Amino acid sequence: MTSRPAPWLSRLYLAAVAGLALTGMAQMPIFKRYYIADIPGLGWLADYYLTNKLHYGLAALLLAVLGYALARWLKDWRRRWRLTALGRARVLLLAGLAVSGGLRVLKNRPDWSFDPLTVLLVDWIHLGLAALLGLAALAAVLARCSAFVRPRD
Amino acid sequence: MPLTTNTTLSRRGFLRALGLGGLTALAPAAAQARPKGSEAELATLLDLSKCVGCGACVAACREGNAPKFPEPVKPFPTMVPARSKPEDWSDKREVDDRLTPYNWLFIQSAEVEWKGEKVTVHIPRRCLHCVNPPCANLCPWGAAGKQENGIVRINDQVCLGGAKCRDVCPWHIPQRQTGVGLYLKLLPRFGGNGVMYKCDRCFDLVARGQEPRCVTACPFGVQSIGPRPEMLERARALARDTGGFLYGAEENGGTNTFYVSPVPFDLLDAALDKGPGRPHLASVADSMADETNLAWATLLAPVAGLAAGTLGLIARGGKEDGHDK
């Protein structure tokens, strides 16, 4: 038995989250300022519209992964696996990111609008949750328990 | 809750607001949502055939909005890395032939030949207050927002001056002043560079039921303001009746500023003196069109994932469920 219920899903999750972190940071005007976009091949990081679209695409991938994991968890995985403490924390952070990101997606549509204070708070919450997820992931790696789950005894 | 220029964001206020934000995240999104471009949004109509370029609107804007103008702290923080340059207009406040942090409206003039005659057209230029504004949508810090009445505003208490709004605006309207704003209290040398400024359509007057200063100051009645659907109908009728041309109705997916000109806008655009602070008049595709389409992907993706997991569509033999072969 491996340490994860579906290693391929973990790899997809990691790819999506790493891409989201990169394209999410690219929404801030830092890659050009700090010469990172000057590195050959990384000029696209300074293109706000391109990185925003990539962020959407990667968010769709992550949401599909989360949807699949949720279905499998409810269907069978929960009988053989249990969430670790850091796993639970990251699940909550991911849920918050999905909700706040979803609100941002709605806000960007022409048929939805939110008042400026709501927009401000949703943006800050999304940014804050992303930072916390990064810290939780770092803590999990340092504690050598990066898997969200462990086998039930 | 309207944002006001004179409101400071205290720590207590921030925490209280954050609590509200948490509730917002929990509440159904529709509870605070409303459609963009609705009747609640105000739009302006500018009949360019009436504008003589007298500058009364510019003077009224500068005078009335002066209390909102930045008073930067000098010397400016030394930026790291040096690539980030300060943008300082505080010693050039008199400049009124382009957009600056101290000049939110200016008159652009174009001399063109049309139907065998030389025609000079004067165009009051400022933020068009897009229906789906990329500046507000893409600000990573939530400093720009769109009010229910269609006014797109930058919150000068929150803005860090990264100038992304200027980069993503199809007309590059917002202008930066260094040495002012929240960034001075965070990491002034390493992040942010001031505050972005642009037309706020005299939100304070509009909130009291009055008209923006540029509208009331015009001696020739160039501008009028009213509910978007009504103003759009009037703009189209004016263009139809006078054989004129319309700009702003479709640009960037639609704006809340409609210019009607006796001369085609591509001719005006070709004749304009364009550059930083001097926007173009070219046609503009919807900047957010791709995001609008991609929104469906983010909506459908979790459903697809749930369905695949429920139906066991992506099982991978012995590797699935933690079992090695």
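Could you grab me the full set of residues in segment A:83-124 that are among the β-branched types (V, I, T) and more than 8 Å from chain B (Cβ to nearest Cβ)? Spell out how you get there, then give the answer.
Going through segment A:83-124, the residues among the β-branched types (V, I, T) turn out to be A:84, A:91, A:99, A:105, A:118-119, A:122.
Hits for segment A:83-124 are A:T84, A:V91.
Does segment A:14-44 hold any residues that are assigned to a loop (DSSP other than H, G, I, E, B) and either touching a Leu at 6+ places or on another chain (Cβ under 7 Å) or under 22 Å from A:L66 (Cβ atoms) (or both), and which are they?
Our first condition is that a residue be assigned to a loop (DSSP other than H, G, I, E, B); within segment A:14-44, this holds for A:26-35, A:39-42.
Correct list: A:A26, A:Q27, A:F31.
Among the candidates A:W73, A:W112, A:W44, single out the residue that is crowded, with 17+ Cβ neighbours inside 10 Å, in the same structural domain as A:F31 (by TED's automatic domain parsing) and aromatic (F, W, Y).
Details: A:W112 fails: in the same structural domain as A:F31 (by TED's automatic domain parsing); A:W44 fails: crowded, with 17+ Cβ neighbours inside 10 Å.
The unique qualifying residue is A:W73.
Spot the failing condition for A:A59; the list is (1) small (G, A, S); (2) closer than 28 Å to B:C130 by Cβ; (3) within 15 Å of the chain's Cα centre (by Cα); (4) more than 7 Å from every other protein chain (Cβ to nearest Cβ), and only one is missed.
Single failed check for A:A59: (4).
State yes or no: is A:K107 in the same structural domain as A:L14 (by TED's automatic domain parsing) and without any contact (Cβ under 8 Å) to a residue 24 or more places away in the chain? Explain how you work it out, then say what you get.
Details: in the same structural domain as A:L14 (by TED's automatic domain parsing): no; without any contact (Cβ under 8 Å) to a residue 24 or more places away in the chain: yes.
In short, no.
Does B:L160 satisfy the criteria of being surrounded by 24 or more Cβ atoms within 10 Å (Cβ to Cβ) and facing another protein chain (nearest Cβ under 10 Å)? Don't jump to the end; show me each part of the working.
Working: surrounded by 24 or more Cβ atoms within 10 Å (Cβ to Cβ): yes; facing another protein chain (nearest Cβ under 10 Å): yes.
Answer is yes for this residue.
Can you tell me which residues in segment B:224-238 are closer than 19 Å to B:C51 by Cα and in contact (Cβ under 8 Å) with a residue 40 or more places away in the chain?
Looking only at segment B:224-238, we keep the residues that are closer than 19 Å to B:C51 by Cα, and these are B:224-225, B:231, B:234-238.
Matches in segment B:224-238: B:S224, B:I225, B:M231, B:R234, B:A235, B:L238.
Given the condition more than 10 Å from chain A (Cβ to nearest Cβ), touching a strand residue (DSSP E or B) at 6+ places or on another chain (Cβ under 8 Å), of a type in the set (S, T, Y) and farther than 18 Å from B:N65 by Cβ, answer yes or no: does some residue in segment B:194-212 qualify?
No, segment B:194-212 has no match at all.
Does at least one position in segment A:82-97 carry a residue that is farther than 29 Å from A:L142 by Cα and buried (at least 21 other Cβ atoms within 10 Å of the Cβ)? Before you say what the answer is, go through the steps one by one.
Within segment A:82-97, the first condition is being farther than 29 Å from A:L142 by Cα, and the residues that meet it are none.
No, the conditions are met nowhere in segment A:82-97.
Counting only residues that are free of Cβ contacts under 8 Å to residues at least 24 places away in the same chain and aromatic (F, W, Y), which one in segment A:13-41 is surrounded by the most Cβ atoms within 10 Å (Cβ to Cβ)?
So the residue we want is A:F31.
Can you name the condition, by its number, that A:L103 falls short on among (1) outside any helix (DSSP H, G or I); (2) touching a helix residue (DSSP H, G or I) at 6+ places or on another chain (Cβ under 9 Å)?
For A:L103, the failing item is (1).
Among the residues of segment B:300-318, are any at pLDDT 95 or above, under 28 Å from B:L138 (Cα atoms), part of a loop (DSSP other than H, G, I, E, B) and facing chain A (nearest Cβ under 7 Å)?
no
The values are calculated or read from the model by the stated rules, or taken from the named source; none is laboratory data. Only a predicted model underlies this, so the values are computations on that prediction, with no experimental measurement involved. Note: ideal-geometry Cβ built from the backbone for every residue, glycine included; neighbour counts use all protein chains shown.
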